[in-house]
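The values are calculated or read from the model by the stated rules, or taken from the named source; none is laboratory data. These figures come from a predicted structure and were not determined experimentally. Positions of Cβ are backbone-derived with ideal geometry, glycine not excepted, and every protein chain shown enters the neighbour counts. Keep in mind that these areas ignore ligands, DNA and RNA; they rest on the heavy atoms of the full protein, side chains included. Shrake-Rupley method; radii C 1.70, N 1.55, O 1.52, S 1.80 Å.
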Amino acid sequence: MVIDQEQENVLLELLNTTPVVDGAVQDQLNAPGAKAWQRAHGGNGTEEERGQLVRAREILQDAVRGSYDADALFELLDGVVYRPRIGDEDLVWDLHAPPERRAAVQAVLTWYALRQNKPGRLRPCANPECRLFFLDHSKPNKARWCSMAVCGNRMKARRHYQRVREEAAE
């Protein structure tokens, strides 16, 4: 499956709908504006669709962190079919999924394609207090934080402060 930048962005946005704000986890899919988010990303804004997106998000967050329930993934993909058709210049594969699951299915398929085409590039932030995910575009594939300006600086400052405290205690 070939994925484009827009699909990658939608997957990242879905994964990042549970940020930590002022020390508390927020659920943006259960907040005002969730229907607008769904519609902006090709959904229909229904409660059933939102429930499928929340379920897909939970499974995919676990998967990116390193563990997931394969049966739960299969449950999301049940009844999904790719059908070929002849396009203007070549063969095109169209996704057929129930409308309430289409956005969730697309997120799962994008995650899988990233695993195959860009292994190890999609990862959680290394800051244990952060719940965000990022796609590492760096050549060496060594990025650790969702944002160097925020999480990276915080973690470096903490390590520095800890070293200074340890040296002072000696």
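Determine the relative contact order of segment 8-142: mean sequence separation of Cα pairs under 8 Å and six or more apart, normalised by residue count, in whole percent.
Working: 154 pairs, mean separation 36.1, N = 135.
Relative contact order, segment 8-142: 27 percent.
Against the chain, whose longest principal axis is taken from its Cα atoms, helix 5-15 shows a tilt of about 60°. Here the translational diffusion coefficient of the chain follows from Stokes-Einstein with Rh set to the Kirkwood radius across Cα pairs; for 37 °C and 0.692 mPa s it amounts to 184 µm²/s.
The count of lysine pairs in the chain whose Cα atoms are under 26 Å apart, excluding pairs fewer than 8 places apart on the same chain, comes to 4.
Within the chain, the cysteines lacking any other cysteine Cβ closer than 4.7 Å to their own Cβ are Cys151.
With respect to the chain, whose longest principal axis is taken over its alpha-carbon atoms, helix 102-117 is tilted by about 60°. Ligands, DNA and RNA left out, the 1.4 Å accessible surface of the chain is 50% carbon and sulfur atoms. Solvent exposure of the chain amounts to 62 Å² per residue of accessible area, where only protein heavy atoms count and the probe is 1.4 Å.
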